[in-house]
1. With the checklist (1) more than 27 Å from C:Arg230 (Cβ to Cβ); (2) in contact with a Phe, Trp or Tyr (Cβ under 9 Å, 6 or more places away or on another chain); (3) without any contact (Cβ under 8 Å) to a residue 24 or more places away in the chain in hand, flag the one item C:Phe12 doesn't pass.
2. Of B:Ile141, B:Ile148, which residue is within 8 Å of another protein chain (Cβ to nearest Cβ), within 16 Å of B:Gly242 (Cα to Cα) and in contact (Cβ under 8 Å) with a residue 12 or more places away in the chain?
3. Which one of these is within 25 Å of C:Met290 (Cβ to Cβ), free of Cβ contacts under 8 Å to residues at least 40 places away in the same chain and either in a helix (DSSP H, G or I) or touching a Pro at 6+ places or on another chain (Cβ under 8 Å) (or both): B:Leu128, B:Leu112, B:Leu116, B:Leu108?
4. Among the helices (runs of 4 or more DSSP H) contained in the range A:295-408, which hold 3 or more residues that are in contact (Cβ under 8 Å) with a residue 40 or more places away in the chain?
5. Going through the range A:160-189 one residue at a time, which ones are polar (S, T, N, Q) and part of a helix (DSSP H, G or I)?
6. Are any residues in the range C:44-84 in contact (Cβ under 8 Å) with a residue 60 or more places away in the chain, over 18 Å from the mean Cα position of the chain (by Cα) and over 18 Å from C:Phe112 (Cβ atoms), and if so, which ones?
7. Hey, any hits in the range C:35-42 for a residue that's surrounded by 24 or more Cβ atoms within 10 Å (Cβ to Cβ) and not in a helix (DSSP H, G or I)?
8. Picking from A:Glu289, A:Glu336, which residue would you name as being closer than 27 Å to A:Asn401 by Cα and more than 14 Å from every other protein chain (Cβ to nearest Cβ)?
Amino acid sequence: MEALEALRMNKIVKSFGSLKALDQVDLTVAKGEIHCLLGENGAGKTTLMKILYGIHQQDEGEIYLNAKKVKISSPKEAITQGISMVFQHFMLIPNLSVMENIILGQEETKMGILADKESRNKVANLSEKLGLKVRLDMLVEDIPVGEKQRVEIIKALYRGAEIIILDEPTAVLTPQEVSELFKVLKTLKEDGKTIIIITHKLKETLAVADKVTVLRNGKNQGSITTDKATPEILAQMMVGRNVMLEVVKGKVEKGPVIFETKGLNLKDKLKNINLKIHAGEIVGIAGVEGNGQTELLETLIGLCSPTSGSIIFDQKDITKDSVEERLDQGLGFIPEDRNDRGLVNNFKLWQNAILGYQKRYEKKGLLDFAAITKASETIVKNYQVKVLGIDSKSSSLSGGNAQKLLVGRVFYHNPRVLIIAHPTRGVDVGAIEYLHKEILSMRSQGKAILLVSADLDEIRQLSDRIAVIYEGAITIEGDGGDFTEDELGLYMAGGLRPESKVVKA
Amino acid sequence: MKIIKKAANLLLRLALALIIAGIILFVSGYSPLKAYKAMIWGAIGNWNGIALSLVQATPLIFTGLAVAFANNCGVFNIGAEGQLYLGAMAAGVIGAYLPPLPHYLHLLLALLGGALFGGLWAAIAAWLKVKANANEVIMTIMLNSIGILFCSYLANYTFKASGPVAQTPEIKSTAVLSRLSTGTQLSSAIFLGLALIVLVWFVLYRTKFGYEIRIVGANPRAAATAGINVAQKITAALFISGTLAGLGGAGQVLGLHGRFIDGFSPGYGFDGIAVAILGGNSPIGVLFSALLFGLMRAGGMVLDRTTNIPVDFVLIIQAVIIVMVAAPELFKALKGGVKDVRTVVKQ
Amino acid sequence: MLEQWLNSDAVFLTVALLASTLRMATPLGLAALGAVYSERAGVINLGLEGLMLGGAFFGILGSYLTGNAWLGVLLAALAGGIMALLFALVTLRYKANHVVAGVALNLLGLGFTTVLLVAVWGNRGKSPDVAGIYPIYIPYLSDLPIVGELIFRQSPFFYLLIILMILSWLFFYRTKWGLRLRAIGENPAAVDSLGIPVFTYKYLAVIAGGMLAALGGAYLSLGELSMFARNMVSGRGYIALAANILGNWNPIGVVLASFLFGLANAIEMNLQLYGWPTQFVQMIPYVVTMFVLGGFVRKVQAPKALGQHFDRSNTNM
């Protein structure tokens, strides 16, 4: 028997300026189904769902709910139609309680005054029925990420959602939390709810979904039930060609240790971090986001100083050195979020191309424009930054080109040690391959490289050695080939302790 | 080409502001055309009017430059008024109380004193911002009131000249910024202002220091990652901003009044905010918008004298201009409205 | 014994000082309450000064035109609401920087009240005297020793302030609209994602804030002098803003902070009578605010999205 159709989106078109974000996209979701919307960054998944949730309006196309045509022009209307969305960046108010966050917008009142008891009963019923544990009186800012997500799901259910959209729900979760989430989603499904998950992760898709729809460059690449799908098939649909899963990595003679941390502690965020990086070596830090990576990066670059321990660069203690002094000595840094710490978006390209190295372009207190122009043009040329000219604003660059500019800026200025965080986040496939190649070429030039990434494949492909960070501590370290992917996953989740596997140091 | 477009936009804004303010005048029962005629005549109709406009523009060059400099570093210095007072008081005291000194040395010391005290006053806000992340807008507002009251105390008690007026004694002739022509109040302070325009432009766009200041203003987190000491740059920017405002106060005392007079500023510091915004926070823009504001103020003063429309009328024009610069989308909407009217009229 | 103490000079002077404290605090408290509404909705209200001035002027104009002071109060509130609506349009719809728009509002307030002052009464300094709002002695209660004189012989504006303070507290912490408004000041995108009309709330809050500030101004003109004088608010708008911060954006807190600043004001008046320097006492509100914001006294927490523009298409949802 064919299941009832809960949602059908028909030939949806949406443009932002000259960019066609969605081109005639169809999506059909059956009632009581877990449906994954799979695609790379920028494929249009989130845009499609924002249209369903009333945040954006489609330029063309129709939406049918339960086979009835509907027009959804605001989140309010979406909620009324039984659609809720859990965003990647949680939509919670940190300094209100969990309870207040859940009822916000659908408050029970008596003569205008909030009726706490009624709301409380209603919420308690929901959370009990589905086994979603939350502490109602805690402030949201005080609860862990997994609980925040449960709050979001209860929020959706409290609003009587029949269709729940989750945008990259696992991005910030540990594998344990992920499997817990999947259990909850399956309970919801048994309860008759329809669930749409936006994701780019193949394995999770196969683990949880009934059916998958793949988007690429704003176009529908077809749908497939998970019992017929394999990672290879999905990957092919996602990127549109056979993905080269292995990067060709030449052999490089390891040099001496040139960067080292000794017993680095930062309050309760970092615990006794000991890392050694040789010249010509890439050390990858694997871990679920939020386990101290940001703090580690900021400590290494000098944005915050460790509570104890030391950082050694070329046998010199640089723990007390400022960011500027570290950069001067040849530390290169590619930050986690290029728009946050990397680039100044409404400034010109040349102004961004020398950022961090402005000292080298100073002549008697003045900026040396001839040298700046030469350097900027070289970076643009050597690192394939597609841009009109060095006077263009860097906000005009696409994600991939902005990242190339950032990487080019650091690589060009001849660092000896590289600290690279999430080098390929939000970057198209072509640029990823290119950036990986550049990083490897830095390795063969004998640079010492620390690579932090949430992308396990990236870590495994590039790293000579891998260290796993969990709750601020390195739980295990070993050669890249020492671990299977599953083992790494378990370490990242804190599930395996170092003593359970002997690794040659 | 870009400059012409910018200037055209600025003039259009001014025209729109004049129209809106004119409507308010009209509703209040005045004739806007007569009022504007009186204003324009008063501001540029003769040499005295032009001189008056320049006199009024002089302090605005300083305070506008002060606010613009801080804005370039991403800090909003609403405290130019207080810094102006402190600078004026310091210059007045140095000018009046120092023992006899050679002319230019005395003048230089008075100017430096004005700059220093204006700068230090602003540095308090910088210190609190850097140390306690206290919002500089609120801090500088508070410092305005405190500074003005403090100077009022000094002019009423500590340094009071004999007589009924709350003012300090007249400065010695060796500390005077010379008058440019007899019969007007225009002093060489305006040249100091022009020199500072060039200097600030040079610092902001041609030096590493200026580059770093502007990077901090645009993205402080990226600046910190690039090894720029953000706290230090913010402190420096506010201090320099304060010195510029302080110099403005010193210029008024040494060039115009010859002494510190309690309540001497009709809000030059606050006008500086408008001047900076209208000038797009660029030194050249500040120069032009300060001149424009000077014209308006002078015109307003003549208006006040010759008609029964009070000088405060200019504030309405200024308010509308500020809003249109600060809310570009409003300007666009109004421009669209003007076009609609034009097409309707054509039909 | 008690009788004697009650009639002593010390008690008399203290009661007089405190009573004048409450009088001084009334306009500050009303305007500061106004600031709470606006800032809880995420809109920085630096234009209190201009709004108060507008309220002061239209209060007198209304009374002058109708001969009824209460209609003057109504006109003041209306005018405050309209000025605030303009401010809201500029900041919310046309996305002007809140601080800059506030500065403009203050300029506008001073400019047009003075122009109108001359236009209506032909005088550049002040209006003629009109029917004002005078203190009301509450029956029985006003006869109580000390308390009666202190609290129950005040201007109706004072009673209004206390009532509005309580109602505002209930509004913010016990009603759904208050909950939503607080949430909007913290994270408008989240509130928007729940289908709550964020902008409607913002507009209404800014308008309510403007009306309250105008009432504060109306007290200064109708409640104290029964006339309007050029620039008569003279910086109280900024003190009200300070009270809003010191009171931690909480209706009860800001009124208490206004009392503190009112006390400074009352002391200053007394010093003036004796010919002593008043400048340092006048500085108190500003210095206290600096200490508080500088983190020297206690932690205050401004709404997180204060001063930010909300635009659905730009949020990181």
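The values are calculated or read from the model by the stated rules, or taken from the named source; none is laboratory data. Since the structure is predicted, the reported quantities are computational estimates derived from the model, not experimental observations. Neighbour counts are summed over all protein chains in view; Cβ atoms, including those assigned to glycine, are modelled from backbone coordinates with ideal geometry.
1. (2)
2. B:Ile141
3. Values: B:Leu112 fails: within 25 Å of C:Met290 (Cβ to Cβ); B:Leu116 fails: free of Cβ contacts under 8 Å to residues at least 40 places away in the same chain; B:Leu108 fails: within 25 Å of C:Met290 (Cβ to Cβ).
Exactly one of B:Leu128, B:Leu112, B:Leu116, B:Leu108 is within 25 Å of C:Met290 (Cβ to Cβ), free of Cβ contacts under 8 Å to residues at least 40 places away in the same chain and either in a helix (DSSP H, G or I) or touching a Pro at 6+ places or on another chain (Cβ under 8 Å) (or both), namely B:Leu128.
4. Numbers: elements: A:323-328, A:349-353, A:369-382.
Output list reads A:349-353.
5. Applying the first criterion (polar (S, T, N, Q)) to the range A:160-189 yields A:170, A:174, A:176, A:179, A:187.
Answer for the range A:160-189, where residues must be polar (S, T, N, Q) and part of a helix (DSSP H, G or I): A:Gln176, A:Ser179, A:Thr187.
6. Result: C:Ser63, C:Gly67, C:Asn68, C:Ala69, C:Trp70.
7. So far as the range C:35-42 goes, yes, one or more of its residues are surrounded by 24 or more Cβ atoms within 10 Å (Cβ to Cβ) and not in a helix (DSSP H, G or I).
8. Numbers: A:Glu336 fails: more than 14 Å from every other protein chain (Cβ to nearest Cβ).
Within the list A:Glu289, A:Glu336, the selection yields A:Glu289.
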